[in-house]
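Nothing in this text is a laboratory measurement; each read-out follows from the coordinates by a stated rule. Since we're looking at a predicted model, the values are computed, not measured. Cβ atoms come from the backbone with ideal geometry, glycine included; neighbour counts cover every protein chain shown.
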Amino acid sequence: MHTPDISTDARNILGLQLPTDPRWVNLAEKSLDDILTDHAYCEQKAALSCISLIQRYSDKEKLVIELSPVVTEEWGHFRLVLAELHNRKLKLGKQRKDEYVNKLLEFQKKGGSTEDRLLDQLLTMALIEARSCERFKRLSEGLDDEYLRNFYRRFMESEAGHYTLFIELAETYTSKEKLRLRWKEWLDYESSIIRNLEIRGDRIH
Ligand SMILES: [Fe+2]
Ligand SMILES: [Fe+2]
């Protein structure tokens with residue numbers, strides 16, 4: 001077991017308030033087939049969410065232009081994970097209920113202006129990217145297998161880029177002050193989800 005340097009970056013990964021429990025990597029290591037399946041679906045859902053944002057906000061030119069290549073990238077991630085399953089003679093399992101994402105969706109404003117709804121949808125995406133990035137970082141530092149550590153490092157870097165893009169898009173379509181206040185609320189809410197979610201080695205979040 002590699003000892004991850006949790007203390008120095010725990011509170012700093014992309015603003016997340018609560019670091020992942022260090023035991024999670026050990027659990028994940030023991031159920032790699034489940035983790036790969038869950039990860040594959042996360043990538044698929046990321047691609048789908050970007051397509052849905054493009055459909056919903058087709059009048060927002062920057063969003064359409066910037067998110068189109070992300071769809072391709074996320075689908076590419078899905079294929080990478082699928083290939084990894086095949087290399088290991090494993091099959092893509094069933095999709096699980098995504099408690100983490102469902103809890104995030106509950107926090108989204110349902111009514112209000114289009115601007116407010118778009119902001120919440122972009123911040124939801126930013127948070128999922130940030131937490132995924134943090135989890136991939138844990139795997140890239142904590143797994144015993146060097147090949148897998150490098151495998152997850154690539155995802156970590158890519159999801160960090162997506163996180164930045166979603167924040168940039170939020171800055172484009174809302175005022176700085178509104179974004180700052182709402183982002184703070186989202187970060188607090190996300191940490192409460194993580195605090196209350198059971199630590200399981202068979203899923204990314
Ligand atoms: Fe991805
Ligand atoms: Fe992503």
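For the ranges 83-89, 53-59, 133-139, 72-78, what's the packing order if you count other beta-carbon atoms within 10 Å of each residue, average per peptide, and put the highest first?
133-139, 72-78, 53-59, 83-89
Which of the residue pairs Lys30/Lys137; Lys89/Lys137; Lys109/Lys176; Lys30/Lys89; Lys30/Lys94; Lys103/Lys176 have a Cα-Cα distance greater than 21 Å in the structure shown?
As for pairs spanning more than 21 Å Cα to Cα, those are Lys89/Lys137; Lys103/Lys176.
Please express the shape of the chain as an equivalent ellipsoid: the semi-axes are the square roots of 5 times the eigenvalues of the C-alpha gyration tensor, given largest first in whole angstrom.
Its equivalent ellipsoid spans semi-axes of 28, 20, 15 Å.
For the pair Asp21 and Leu90, what calculated FRET efficiency results from E = 1/(1 + (r/R0)^6), where r is the Cβ-Cβ distance and R0 = 35 Å, to the nearest 0.05?
After rounding, the FRET efficiency stands at 0.85.
Given labels modelled 7 Å from the Cα in the Cβ direction, how far is it in nm from Gln108 to Lys176?
The modelled label-to-label distance comes out at 2.8 nm.
Of the peptides 101-111, 38-48, how do they stack up when ordered by the mean number of other Cβ atoms within 10 Å, highest first?
Descending packing order for the listed peptides: 38-48, 101-111.
List residues of segment 25-39, by number, whose backbone nitrogen lies under 18 Å from a label position 7 Å along Cα→C-beta of Lys97.
38
Once you have the Cα-Cα distance between Lys30 and Glu168, take 0.36 nm times their residue separation minus that, and quote the gain in nm to one decimal.
46.0 nm
Only helical DSSP H runs with n ≥ 4 go in: add -39500 (n - 2.57) per run for the chain, normalise by residue count and round the 222 nm mean residue ellipticity to 500 deg cm²/dmol.
-25000 deg cm²/dmol
Aspartates and glutamates within cross-link reach of Lys178: Cα-Cα under 19 Å, excluding same-chain residues under 8 positions apart?
List returned: Glu115, Asp116, Asp120, Glu168, Asp188, Glu190.
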